[in-house]
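To keep things clear, I will list the structure first and then write my remarks on it.
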Amino acid sequence: MKYKDWSDWRVPCASINEIMVRPKGVNPITLRERKKLETIAEKDELLDSDKEFVARMIAKDEKFKNPGLSSTAIKYLMSRYAWDRYNKRIASIDTARSATKKGNLMEDEAIEIVSGLDGHKYIKEDSSVTGLIL
C-alpha cells in the first residue's frame, strides 16, 4: 500500500469552517471582565478574590490564544485520514444528503445547460488549486 506524504496535505476551501471551529469553552475575555481587570489594576493592595480572578483571566487568555483542536476538527481530520489512507468514509460524518447526491449526479448536465445559455464553453474543474491567493 502506498503511503501518502502528509507534509503536503491541504485543507479544501469548503472544509475550512470545520477546521477553524473554536473548541467548546474557549472564549475571549469579555468586556465586563476587562473592566474588572482594569479596576483591580488600579488598586494598591489586592484581595485574595482579586488574585484568584486575575489568575483565572490569565489562564483564560492563554487558553484562548493557544486552543486545542475542536471535536469538529478532530472528526473532520479523522474522516479525511480514513478516506486518504484506506479509501473509506466514516458513515456518520460523510453521509451525503439527497440534494448533494442529486447535485453530483446532475453536475455534467448542468454545465452543458449553462454553457448553452451563456454561449460559452464551460468545463468541469477536477484539479485542485493551491497558492496564497485563490
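In terms of the mean number of neighbouring beta-carbon atoms within 10 Å, the peptides 38-48, 14-24 order highest first as 14-24, 38-48. Each label was represented as a point 7 Å from its Cα along the Cα-to-Cβ direction; for residue 112 and residue 82 these points are 3.6 nm apart.
Report the chymotrypsin sites (Phe, Trp or Tyr not before Pro) located in the range 1-84 that are in a DSSP loop and have at most 14 other Cβ atoms inside 10 Å of their Cβ, or state none. The qualifying sites are 3, 9.
Pairs of lysines in the range 12-96 whose Cα atoms sit within less than 20 Å of one another amount to 16, provided the residues are eight or more positions apart or on different chains.
We did not get these values from a lab; they are worked out from the coordinates using the rules stated. Note that the structure is predicted; figures quoted are calculated from it, not measured. Positions of Cβ are backbone-derived with ideal geometry, glycine not excepted, and every protein chain shown enters the neighbour counts.
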